[in-house]
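What follows is a single structure, written as structure tokens, with notes after it.
The values are calculated or read from the model by the stated rules, or taken from the named source; none is laboratory data. This one's a predicted model, so the numbers in the text were calculated from it and none came from an experiment. Here the Cβ positions follow ideal geometry from the backbone for every residue, glycine too, while neighbour counts run over all protein chains shown.
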Amino acid sequence: MKKMFIYTYLILFTHLISANSTPANYNNSNSEKNTIIISGENLLEDESLFYTPINFSTFGLTCFFNHRYNNPKYIEDFLPNNLDDIIQFIQYAKTSGQNRAFIKTIFKIFTKKIKYSNYISSKELLNMANKLPELLGAYLMPDIQHTSDEYVIKDILCTEFADNFAHFKKDPNNFLSKVSQKICSALADKEKPEEKDITSTELRTILISFLENAFNKCLFNLNDEHQDVWEQYKELSQAAYNLKSIIFELDELNDLINSILARFNYIIDMVGSDISLQTYKNAIEELQTKNFDWLEIEEHDTLMKPKKDELLYTLKHVGFTKALARNQFGFTDAG
């Protein structure tokens, strides 16, 4: 595991060095003023420094890993409630023209930390999910298939004859000689090995794995004064459904939506008595009278219980029952 992390870490630095990366490459107006680089191996004492923008120079990243990423407080307190570091890395990759392999490295680095975190705030997951289509759209476009030799030759011939037919009539040998050179050059360029990178399909697989891990740690805030857990759940599920613009397979999208549903059901099972009766009533009424796109995706097999039925059962027979028992008899999930 340690060797794998060091390898991933080296890949990241290789990309940065090859791109001549400096803090100026990252479009952040506050980076010069707020970014702090600390020398030595000591961990951060001032927790507010967790919130400073990342400096994407080699020294800045060394500082990030030594003092922030490897700090025990990073997975205990910071990352569960703030996913901005992930967004900063992807924004940097996009603005500095990094390839898909670089994005893969980002997801690998942060998946490790998410696995060690006890939870991830649903609010932070929502914020990240809403930004991913714009940040990753270009990286996840289907790969263009290489054109055949025949197509390359026909394209050059058509273009040359259409644009330079007068030259052909005047000096056929010279014209054909130049066209032949262009064809040979184009075919040679076509055979050149491209810069090593992963495909959009491979990156999409990494993204889905990353999101699965993150959604499986989702924690809804029962104490939010502005939005109850039902509204939080709906908003996050809709954001996951909107990822259809970069995750094209409905089966894969459905797996992510089911991960969020599983976490919502788990929260109700654990602390359902702390949610108000009115919240349950509102949720049950909405499910019975409205349609939600993310609940309408069919399951992998017709014999599987639909998500809507799973959700209604949990709300009616688990959550509502717990809340009613607390309301009438004072029973709580804590006993």
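Observations on the structure shown:
- Some residue of segment 83-93 being buried (at least 16 other Cβ atoms within 10 Å of the Cβ), of a type in the set (Ser, Thr, Tyr), closer than 19 Å to residue 256 by Cα and touching a helix residue (DSSP H, G or I) at 6+ places or on another chain (Cβ under 8 Å): no
- Counted residues, segment 104-126 - those being outside any helix (DSSP H, G or I) and either of a type in the set (Gly, Ala, Ser) or at pLDDT below 95 (or both): 2
- Residues satisfying the stated conditions in segment 61-103, i.e. assigned to a helix (DSSP H, G or I) and among the small types (Gly, Ala, Ser): 93, 101
- Look at segment 158-170: where a residue is free of Cβ contacts under 8 Å to residues at least 24 places away in the same chain and a partner is part of a helix (DSSP H, G or I) and aliphatic (A, V, I, L, M), sitting 6+ places away or on another chain with Cβ atoms under 7 Å, you get 160/179.
- Of residues in segment 272-302 being small (Gly, Ala, Ser) and assigned to a helix (DSSP H, G or I), the one farthest from residue 204 (Cα to Cα): 273
- Restricting attention to segment 319-334 and to residues that are surrounded by 15 or more Cβ atoms within 10 Å (Cβ to Cβ) and of a type in the set (A, V, I, L, M), the residue that is nearest to residue 279 (Cα to Cα) turns out to be 323.
- A single entry from 269, 255, 251, 224 fulfils the requirement of being assigned to a helix (DSSP H, G or I), of a type in the set (Asp, Glu) and either in contact (Cβ under 8 Å) with a residue 60 or more places away in the chain or closer than 29 Å to residue 325 by Cβ (or both): 269.
- Search result, residues across segment 293-322 that are charged (D, E, K, R) and more than 23 Å from residue 125 (Cα to Cα): 298, 299, 301, 305, 309, 316, 322
- The listed residues are 153, 144, and the only one of them that is at pLDDT below 95, among the aliphatic types (A, V, I, L, M) and not in a helix (DSSP H, G or I) turns out to be 144.
Okay, residues lined up against (1) on the phi > 0 side of the Ramachandran plot; (2) of a type in the set (A, V, I, L, M); (3) touching a residue at least 40 places away in the same chain (Cβ under 8 Å); (4) not assigned by TED's automatic domain parsing to the domain that holds residue 219:
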| residue | (1), (2), (3), (4) |
| --- | --- |
| 59 | no, no, no, yes |
| 63 | no, no, no, yes |
| 71 | no, no, no, yes |
| 83 | no, yes, yes, yes |
| 99 | no, no, yes, yes |
| 102 | no, no, yes, yes |
| 105 | no, no, yes, yes |
| 124 | no, no, yes, yes |
| 130 | no, no, yes, yes |
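- Hits in segment 198-221 - residues which are among the hydroxyl-bearing types (Ser, Thr, Tyr), in contact (Cβ under 8 Å) with a residue 12 or more places away in the chain and assigned to a helix (DSSP H, G or I): 200, 201, 209
- Residue in segment 273-292 that is among the aliphatic types (A, V, I, L, M) and closer than 20 Å to residue 121 by Cα present: yes
- From the list 262, 283, the lone residue that is farther than 25 Å from residue 328 by Cβ and either outside the structural domain of residue 331 (by TED's automatic domain parsing) or of a type outside the set (Ser, Thr, Tyr) (or both) is 262.
- Only one of the listed residues (196, 182) is among the charged types (D, E, K, R) and in contact with a helix residue (DSSP H, G or I) (Cβ under 6 Å, 6 or more places away or on another chain). That residue is 182.
- Taking the criterion of being among the β-branched types (Val, Ile, Thr), in contact with a Phe, Trp or Tyr (Cβ under 8 Å, 6 or more places away or on another chain) and closer than 23 Å to residue 98 by Cα, the residues of segment 50-76 that qualify are 54, 58.
- Checked against (1) farther than 21 Å from residue 107 by Cα; (2) modelled with pLDDT under 95, residue 249 passes all but a single condition, namely (1).
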